[in-house]
Amino acid sequence: MADFSLNCPNPLHYDHIVMAHGGGGRLMQQLLAQIVLPTLQNPLLDQQHDSAVLAMPSGRLAFTTDSYVIKPLFFPGGDIGKLAICGTLNDLAMSAARPLHLSCGLIIEEGLPIADLQTILRSMQTAAAAAGVRIVTGDTKVVDRGKGDGVYINTAGIGVVADGVTIAPAMIQPGDAIILNSDLGRHGIAVMLEREGLNFSHSLVSDCADLSGLVGELLAAGIELHCLRDLTRGGLASVLFELATSCGLAFGIDETALPIHDDVRAACELLGLDPLYIANEGCMVAFVGEKHADALLDRLRQHPLGQQACRIGRVSDSPSRTPLTLHSRLGIARPLTLLSGEQLPRIC
């Protein structure tokens, strides 16, 4: 009688994610061993333990987390992988933290092409390596077809803030200059045009970028920054309104000073959108004392991500019932507040 074996044959090759890739068995191990780990490879991740054990330098620890659900997954200027890494690095940088380590949680929809997953992971690794950080731990889950829009990504990051450095909304002071490093609304419009298949002539790409290197240079130059905030969901107006409300001061911004790409302006006029409320992914607002404003602008303009830097407004010396005011081209003072809904959903 021939020998009878209960050993299962090697699984077939798959071009798309199947539910078994998240089941903890052989297919999941193959996905990790052949796709995820080789792409994100580093000594800490290679330990493949339930948690990464990290040596921390002196200073205060900064910790942040965010989730990314953008649609489409790939857009002019980036993809969900690059977005996840840059977004988390930027959140750390806004607290004056030098990024050290990242985690990566993948929630993958059944049916996602494995080639797409590889491209996304490579984007994550490229962005992390460019910033000098490592993805040191993570998790993978698979959800039913139709329940995940391809892939969702959660990233968490830790960094270190040097002793004696505090950058926070509570540090904003009356008389502070309000300064931008780049133009407004490019990420949201680029994603929206790609999603909706609107092919009218334009040259827009997302501004998705890691700002941690730029912030590190500003800190090293000794510029006394009071507050930084990256302009993601809700755009410039939402961020400034929230900050003004938080610190109990009034902000005034000049419409004529706002840097808006001609194609962004044209798309907004055509579609009835307001660029002040559209998300960015490589743009930040900085608050600095008036005596340091020119030095900050000079340093920003020396960096590739700050060449469009400009002063857009000022923190009022006197309290106001209106936290945020836009001084229009016609000389009219228009209060800005939070939108009650969404202009462009799912773009970061």
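The values are calculated or read from the model by the stated rules, or taken from the named source; none is laboratory data. No experiment lies behind these values; they were computed from the predicted model shown. A quick note on method: Cβ atoms are made from the backbone with ideal geometry, for glycine too, and the neighbour counts reach across all protein chains shown.
Inside segment 153-171, can you point out the residues that are under 24 Å from Gly138 (Cβ atoms) and over 14 Å from the mean Cα position of the chain (by Cα)?
Ile158, Gly159, Val160
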Go through segment 159-195 and count every residue that is in a helix (DSSP H, G or I) and farther than 13 Å from Pro76 by Cα.
3
Just to check your reading of the model, which residue among Arg233, Arg346, Arg329 is modelled with pLDDT under 90, on the phi > 0 side of the Ramachandran plot and assigned to a loop (DSSP other than H, G, I, E, B)?
Arg346
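When residues of segment 178-196 are filtered for being under 18 Å from Thr256 (Cβ atoms) and either among the acidic types (Asp, Glu) or not assigned by TED's automatic domain parsing to the domain that holds Gln302 (or both), how many remain?
Total satisfying the criteria: 1.
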For Thr337, are the conditions met, namely being at pLDDT 90 or above and in a helix (DSSP H, G or I)?
no
Count of residues meeting criterion [buried (at least 22 other Cβ atoms within 10 Å of the Cβ) and part of a helix (DSSP H, G or I)] in segment 248-267:
2
If a residue has to be farther than 28 Å from Thr232 by Cβ and either crowded, with 16+ Cβ neighbours inside 10 Å or in contact with a Ser or Thr (Cβ under 8 Å, 6 or more places away or on another chain) (or both) to count, how many in segment 50-73 make the cut?
1
How many residues does segment 38-49 contain that are surrounded by fewer than 10 Cβ atoms within 10 Å (Cβ to Cβ) and in contact (Cβ under 8 Å) with a residue 24 or more places away in the chain?
0
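Conditions tested, residue by residue: (1) more than 30 Å from Lys147 (Cα to Cα); (2) assigned to a helix (DSSP H, G or I).
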residue	(1), (2)
Ala20	no, yes
Gly24	no, no
Gln34	no, yes
Leu37	no, yes
Leu44	yes, yes
Gln48	no, no
Ser51	no, no
Met56	yes, no
Number of positions in segment 86-130 that are under 22 Å from Cys227 (Cα atoms) and either assigned to a helix (DSSP H, G or I) or touching a helix residue (DSSP H, G or I) at 6+ places or on another chain (Cβ under 9 Å) (or both)
14
